[in-house]
Structures are given as structure tokens and as C-alpha cells.
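Attaching a single structure in C-alpha cells format; questions to follow.
The values are calculated or read from the model by the stated rules, or taken from the named source; none is laboratory data. Since the model is a prediction, treat every value here as computed from it, not as a measurement. Every residue, glycine among them, receives a Cβ derived from its backbone with ideal geometry; neighbour counts consider all protein chains shown. When the accessible area is computed, the model is the full protein with side chains, heavy atoms only, and any ligands, DNA or RNA have been set aside. Shrake-Rupley method; radii C 1.70, N 1.55, O 1.52, S 1.80 Å.
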Amino acid sequence: SVFVDKNISIAFEPWSIFKAFTMAIWLDSDEIRLDDYYQDDGSVKIDIYTIQDADKTACMWYHSFQEALVDSCNVWMIRIVQALGKEIFYNYLTKLGFWEATWIELAEEKKWSLPNASNLSMAWFFNNSFWQWVAVTQIQLATAYSTLVNGWKYMKPTIISQIRTKTPNSDSFTIQETITHSLKQIFRPEVSDEMRNALFS
């Protein structure tokens, strides 16, 4: 286990890093624009739990969704998944590859699964909107982020740029370049453009 890469074998809770995905999913559903406004009351009560913004000063009252992304507001995340519903939200997460291995060329890659979405409590679901109570590996997160900002397609990650094979009885090599594989389309191209600009801002 000393030689196993922790980036592919150990999961963690990314928390607010994940908010960009929740935003992109909603943008891709064509329900909002980044300059639309919403009202943030600072907290959401669900069952016995109260979920609130870390920085109420920055997040409360009327803000655009662009501002909410910049200020990392939790309540607007919950509003998004309430509008989307469990089925649409978790369908996107599945397409983004969060519950399967990326098949990068390294030994001992682990995949981390989410319990059946239909069995999740609403509190669990709301917390998943800003990525608490669920875990992913670093390689899953990096691959998904590449999809988000580098052109909307899910690309199979690789660490090999080329394979060099020595020609028998010669000092020359045959070089085979690695071909990157686009496995599936996740977002519309314009959503990727919007999210790249939003994250830059």
C-alpha cells in the first residue's frame, strides 16, 4: 500500500469545490442565467437540521447567482437542487463519473458509490448539493472539473503521453502517441464557456 497513489485510492469530501457542478447542472437545464437574482434568508430548516451559509454577511438578501458562486453560499445550492429534484441531480453526477473508476493507468484505483438516491433523506440530499456527506477521489474530481471547464466532454484521464518501443538490433525507437478518448458529452458547450468565465470572475 506504500506504493498506491492516494489520489486514486482515498476519497474525501470536496465541500465547496463542488458548487460549480451544482451551478453547471442548473445552467445546463436551461432554467437560469448567472445574472438572475435570488433571495437568501441565511438558512434552510429541514427535519431536525438547520443548514446555513458560512458567511451570512456576504450571502444574505438579494444576490445574483454569479455572486453566490463567488461568495460560496450554501442556501442557493439547496434552492438549486430543490428545483432540479433528486433524479436529475444524481443523473448528472453519474454522467460525470463520480461513482465509477476513471480507468487511469495506475494500480488500485477505487471507486466510491452513492447510496440509492431514492432512499436518501432530504437533509442528506440538500447537503450533497455542496458536497457534504459524500466522498470522491482526487482523480474523479479532477476529471469531472476538466469536463466542466475544458469543453463539456468527459475525457478519459491518462498519465502516458507516448509509448517508445526499441527497434530490435537498432538504436532507433518506434513512438506511439497516446490518443485521448472522449467518452461522452455532459454539458452543452455554452455551459462550459459560462462556467469557465464564472470561475475566472
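Could you say whether any residue in region 173-185 is assigned to a loop (DSSP other than H, G, I, E, B), closer than 24 Å to Arg79 by Cβ and over 14 Å from the mean Cα position of the chain (by Cα)?
no
Looking at Arg196, is it of a type in the set (Lys, Arg), touching a residue at least 60 places away in the same chain (Cβ under 8 Å) and open to solvent by 10 Å² or more (accessible area, probe 1.4 Å)?
Considered against the rule, which asks whether it is of a type in the set (Lys, Arg), touching a residue at least 60 places away in the same chain (Cβ under 8 Å) and open to solvent by 10 Å² or more (accessible area, probe 1.4 Å), Arg196 comes out as no.
Next question, about the same structure. Taking region 151-193 on its own, how many of its residues are under 23 Å from Asp35 (Cβ atoms) and either touching an Asp or Glu at 6+ places or on another chain (Cβ under 8 Å) or surrounded by 15 or more Cβ atoms within 10 Å (Cβ to Cβ) (or both)?
Matching residues across region 151-193 total 5.
Something else: Which of (1) under 15 Å from the mean Cα position of the chain (by Cα); (2) outside any loop (DSSP other than H, G, I, E, B); (3) under 30 Å from Asp5 (Cα atoms); (4) not charged (D, E, K, R) does Val81 not meet, given it meets every other one?
Exception for Val81: condition (3).
Ala54 fails exactly one of the following numbered conditions: (1) surrounded by 11 or more Cβ atoms within 10 Å (Cβ to Cβ); (2) free of Cβ contacts under 8 Å to residues at least 40 places away in the same chain; (3) in a strand (DSSP E or B); (4) not basic (Lys, Arg). What is the number of that condition?
Evaluating Ala54 over (1) surrounded by 11 or more Cβ atoms within 10 Å (Cβ to Cβ); (2) free of Cβ contacts under 8 Å to residues at least 40 places away in the same chain; (3) in a strand (DSSP E or B); (4) not basic (Lys, Arg) leaves (3) as the failure.
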